[in-house]
1. Please compute, for the alpha-carbon atoms of segment 6-76, the extent along each of the three principal axes and give them in descending order in Å.
2. What does the extension gain come out to for residue 62 and residue 42, with contour length at 0.36 nm per residue minus their alpha carbon separation?
3. Calculate the FRET efficiency for residue 71 and residue 50 from the Cβ-Cβ distance with a Förster distance of 35 Å, rounded to the nearest 0.05.
């Protein structure tokens with residue numbers, strides 16, 4: 001932004017020491033630092049506001065573009081008249097619907113362990129608990 005060379009910076013330091021004096025120079029540099037910090041903060045705030053406005057304008061333009069494309073697509077492909085959806089059948093009984101899945105009896109797809117052991121015994125399969133030699 002500002003192009004200050006080493007010779008120019010040295011000239012500024014010499015003038016500051018002569019005009020302000022070595023005793024008050026640290027306080028003056030502190031004040032200059034505060035002013036520069038405030039100026040940077042204001043510039044950052046201004047830039048953030050401008051960026052937000054640009055984003056809003058871009059969003060509005062995109063929304064207009066999408067609305068136009070949506071309108072064009074809907075004109076090219078009008079929605080078909082579909083048959084109304086069939087409602088789901090109600091549960092068998094209100095009492096059955098209120099019973100949690102954990103308390104429902106086991107179905108035929110998941111037989112109880114005793115039934116499985118009986119079927120294994122009838123098929124002459126070795127018992128899981130016993131040894132295979134018996």
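1. That works out to 80, 24, 11 Å along the principal axes.
2. Net length gain for the segment: 4.2 nm.
3. Working: r = 32 Å, r/R0 = 0.92.
Approximately 0.65, to the nearest 0.05.
Here, each number is a calculation from the coordinates, and none is a lab measurement. This is a predicted model, so every value here is computed, not measured. Using ideal geometry, Cβ is built from the backbone for each residue, glycine included, and neighbour counts are taken over all protein chains shown.
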